[in-house]
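What follows is one structure encoded as structure tokens, with my remarks underneath.
The values are calculated or read from the model by the stated rules, or taken from the named source; none is laboratory data. Model, not experiment: these values are computed from the prediction. Here the Cβ positions follow ideal geometry from the backbone for every residue, glycine too, while neighbour counts run over all protein chains shown. Surface areas here come from the heavy atoms of the whole protein model, side chains and all, with no ligands, DNA or RNA. Shrake-Rupley method; radii C 1.70, N 1.55, O 1.52, S 1.80 Å.
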Amino acid sequence: MSLIRQVWLLVWGIILLASAGSMVVSVATARTYLESQLALKNNDNAQALALTLSQAGADPSLAQLIMTAQFDTGSYRVVRLRRDDGTVLFERTSTVGSIDAPDWFVRWVPIQSRTGVAQVTRGWNAVGVLEVESLPVFAYEDLWRGTVSTAAWMLMLGVLAAAISAVAVRRLSRPLEALVRQAEALTQRRFVTVELPSTPELRQVAVAMNGMVDRVRRQFLEQADQLELLRRQAHLDPLTGLLHRDQFLHQCEAELSGERGLGVGHLLMVRVLRLAEINRQLGHARTDELLLELAKSLHRSVGDVQPKVIGRLNGSDFAVLLDHVEVGSEALAESIGRLRDLLGPFPDVAVVLADTTWRRGESVHIVLARVDAALARAEHRGDFSIETTRDSRDADGLGGELSWRRGILDALAHQRLQLIDYPLVNPSGRVLHLECPLRLQLSDAGPYLSAAVWLPLALRTGVVSEVDEAAVRLGLEAISKDGVRRSIHLSAQSLQVLGFLPRLRALLALRPAQARLLAIEVDEAGLRRDPYAVAELCRQLRPCGVQVGLEHAGQHLAAMGELLDTGLDFVKLGAGATLDLQGNDARTAWLRGTVGMLKSVGVQAFAEGVVQTQDLQLLWSIGLDGVSGPAATAANRN
């Protein structure tokens, strides 16, 4: 039983006990008072009647007439005159008639009417003893009316006391409920602070809880700063802050081999001509300024396309990866023109640009060789030249946007979709869950296409939430068949669709047992773009027992303070985070620190896309809870 409920029971118990006690005391006091008044009345009537009889003399008829008249004028139970030897000279009695009070009240609150006694004399001789006892009818009626009036007042006072108590308890419970929510948030790996209450005892608890949360937050941010420094040392060019060659190639390899993303795009390469000569002419500091300005310019969009990955391959070569097919010659000309304007303050400095297309499944080295050859041709043509080379295959093979939408909706309507299972295993080789990317068959005779093909089409045509909902439904059906935990990828854009989360909750409510074996993954970019949407996803799905995690994470993880407030259950580091760890102390230190930071706030750390089985031992020693990819599949078979 909750503390507030106990307080309410205590308050109501005190109010009821006080009201009942007041009623009992009031009724008992009134009854005692009425009994004493009846006794005085009986005694006074007996004395007055005895005096009248004594003055009447010895006439028995007159005495009988006086007593009869007295009996008839009052509400008496008995009027009796008897001698000292017990002989009754006169007696009149009556029974209790109708009483204007409930029978149960008369039975439970009896009123005793004590008999009044007086001596009747004739001169100096005693005639007998006169006994007078009144009926308690009026006493009962007065007592009942008083009891009803007292009960009404007690009820009003009880209601007033309850209202005052409700205000007091609500005022007391508000900070207490805030502390309870804070404690629940800690169990959900969310670190929030509360306002300090005015109650001294609760204030001390709140100060202690807020202090603990602040310490965890500071520790997390300190670790994040250290990890960001390690990441820059391990992944970035120290001068420009762009990815160095190895990390750029790792990121490109992940893009070219991943299930998600467009699956096609462009690779641009920019070369600063005669860099060594420029360095001698301008000096080291001025040349560094030139390279920094060039690096900043590469972050700008090419046409309407934002760069996906940017790196510095060597001293004079820069590369930009675009996951988009619509990069035309006008956009390239605009980019080279922008670079020409940028380099205006630097005399005799020129660049050339080369562009090639890439497609998922190609080797990154083949694509790089193709664009490098184009760059050589551009350099041969002269300053600010552009050279392009294209893959002759159709970029999408699906026609226009209307055709894409029709194909996706038709696939959903005819259930031409399937989940592909990839195991995520722990150090002992046990499968923690199956990663289940969705594939769609956009035409009856066509192949099942990975998300790298259909996801951008679904995003552009506005049907991504319907596709994600279908993926969750397929995952629940698969779990009901074999009882194996599965993880489904959701697009961050689906979280922005009005009504998507309620529909998802309703879908999970239909299969509560299967929902407890389901995990949902959202891309790291989705958390960066809208952390509140991811936090709301966690809040909505937690009562269903669904785990929520982050996928493709690593590059910006240390810079996201929102991670503390979302309540994520796990984080999957992207494939580029675990490549070429052997002998690379800086990358290993960064990965070890990232895993330690995640575990310090109760979040499980996984790695996706692990290729080499010989890397597993190092990854387990770093502290990862699980891995996926070809190495995990091989370990699961063994």
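For the reader, a short list of remarks on this structure follows.
- Length-normalised contact order for the chain - Cα pairs under 8 Å, 6+ apart - percent: 11
- Lys/Arg +1, Asp/Glu -1 at C-beta; segment 1-90 dipole; positive extreme among Gly13, Val78, Val88: Gly13
- Antiparallel bridge percentage (DSSP; both residues within the chain; nearest 5): 65
- Two-site label geometry, Asp585 and Asp383: point separation in nm, points 7 Å out along Cα→Cβ: 4.5
- Segment 476-525, accessible surface, carbon-and-sulfur percent (1.4 angstrom probe): 58
- Burial ranking of peptide ranges 214-224, 139-149 (average Cβ count within 10 Å, highest at the top): 139-149, 214-224
- Once the Cα atoms are used to define both axes, helix 585-600 deviates from the longest principal axis of the chain by about 10 degrees.
- Charging the Cβ of each Asp and Glu at -1 and of each Lys and Arg at +1, and nothing else, the dipole of the chain about its Cα centre rounds to 1280 debye.
- Across segment 15-148, the relative contact order, built from alpha-carbon pairs under 8 Å that are at least six residues apart, equals 34 percent.
- Once the C-beta distance of Asp85 and Arg145 is scaled by a Förster radius of 51 Å, the resulting FRET efficiency is 0.70 to the nearest 0.05.
- Per-pair calculated FRET efficiency, R0 = 35 Å: Thr187 and His299 via Cβ, rounded to 0.05: 0.30
- Placing pseudo-labels 7 Å out from each Cα toward the beta carbon at Leu155 and Phe138 gives an inter-label distance of 2.9 nm.
- Against the chain, whose longest principal axis comes from its Cα atoms, helix 500-510 is set at around 70 degrees.
- Relative contact order, percent, segment 235-380 [alpha-carbon distance under 8 Å, six or more residues apart]: 35
- Given charges at Cβ of Lys, Arg, Asp, Glu: segment 110-252 dipole, positive-most of Asn125, Leu242, Asn210: Leu242
- The apolar share of the surface of segment 149-259, taken as the fraction of accessible area on carbon and sulfur atoms (1.4 Å probe, ligands and nucleic acids excluded), comes to 59 percent.
- Oblate is the label for segment 305-350, because the ratio a/c of its alpha-carbon gyration tensor axes (a ≥ b ≥ c) is 1.5 or higher and a/b is not greater than b/c.
- Axis of helix 464-482 versus longest Cα principal axis of the chain: the two differ by about 70°, to the nearest ten degrees.
- Ligands, DNA and RNA are left out, and with a 1.4 angstrom probe the accessible area of the chain is 49 Å² per residue.
- Shape of segment 405-559, Cα gyration tensor, a/c cut at 1.5: rounded
- For Arg274 and Glu201, the difference between the fully extended length at 0.36 nm per residue and the C-alpha to C-alpha distance is 19.0 nm.
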